[in-house]
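Each remark here refers to the structure printed beneath this line.
Quick note: the coordinates plus some simple rules give every number you see, no bench work behind them. Computed from a prediction, not measured in an experiment: that's the story for all the values here. All Cβ positions, even for glycine, are placed from backbone atoms using ideal geometry, and neighbour counts span all protein chains on display.
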Amino acid sequence: MGKFALFFAAVVALSTYYITSSVYQLSPTSKPQRTWVDNTGKLHVMGIVLGESTVRDAELAFRSRADAAIFLYPLPPTQSGNKQFRGEIEAYFPSIADHSKVILELEVSATQIEAMRQRSTMPRVYPNGVIRMNLGDKDVLGVQNMVIRKLTLIPSITITEDILHAQFGNHTSKSSPTNTLTIYHYPDIGLTAEINHEGKDKLMFVNP
């Protein structure tokens, strides 16, 4: 029974991580790679190219529609006590082929975000202070052509250090800011991996 359980876990892990990387390499070879950095320094991951591919490209790669919105993340208040926020435009895929989740952060200026905020509707404040604002009709279509800056994968399975090593090799460094969170750094491919024993594991990719 134990051997069957171990085999089943391995099959699930492989099916999930096929979408990211079977074997990481710095450049493509005759064998197609799922995660690699090209000679311009752009990361190829999950069928998209960070800094080049658009939200529409991601929808085609994932065969799913994105839900995009404005997110305002709280910053430390000013000396006068005024609230400050960092704005991001994010496209969210709640469930791709293997039931994992994907969040895309998009390349957009602060001026563009402010203009989009003024056209947005229905703000929602989460318990952690983050504010989500739905895009106006004009911006829903415009987001389709925005370029992807960062990709965060929330896998449908629990991640372990052994799984990370099998898929991406040796990490450069790791840290444990809390007893339940361990962070692994792979700067060569712009990957930061979080194993969270009390929350969701995350793989966060940016151009290295």
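For LEU60 and VAL147 in one chain, what is 0.36 nm times their gap in residues minus the Cα-Cα distance, to one decimal in nm?
Details: separation 87, 0.36 × 87 = 31.32 nm, distance 1.42 nm.
Contour length minus Cα-Cα distance gives 29.9 nm.
Placing +1 on each Lys and Arg Cβ and -1 on each Asp and Glu Cβ, with no other charges, gives the range 58-145 a dipole about its Cα centre of roughly 280 debye. Rounded to the nearest 20, the size of the Cβ-charge dipole of the range 74-208 about its Cα centre is 520 debye, with Lys and Arg at +1 and Asp and Glu at -1. Along the axis of the charge dipole computed for the range 91-208 (Cβ charges of +1 for Lys and Arg, -1 for Asp and Glu, origin at the Cα centre), the listed residues GLN112, THR158, HIS185 are led at the positive end by GLN112.
Amide H contacts under 5 Å for PHE85: LEU75, restricted to partners 5 or more places along the chain or on a different chain, H placed in the peptide plane at 1.01 Å from N.
Which GluC sites (Glu not before Pro) in the range 148-208 sit in a loop by DSSP (not H, G, I, E or B) and have at most 12 other Cβ atoms within 10 Å of their own Cβ?
Working: sites: GLU161, GLU194, GLU198; in loops: GLU198.
Those that pass, being in a loop and sparsely packed, are GLU198.
The alpha-carbon atoms of the range 58-145 define a convex hull whose volume equals 113 cubic angstrom per residue. Candidates ALA58, ALA91, VAL130 compared by Cα position along the dipole of the range 58-145: farthest toward the positive end lies VAL130, with charges placed on Cβ.
Once Rh is set to the Kirkwood radius over Cα pairs, what Stokes-Einstein translational diffusion coefficient, in µm²/s, holds for the range 81-191 at a temperature of 4 °C and a viscosity of 1.567 mPa s? Show your work: numbers first, answer last.
Working: Rh = 16.9 Å.
This corresponds to a translational diffusion coefficient of 77 µm²/s.
Overall, the range 110-183 carries a charge dipole of about 280 debye about its Cα centre when +1 sits on the Cβ of Lys and Arg and -1 on the Cβ of Asp and Glu, all other atoms neutral.
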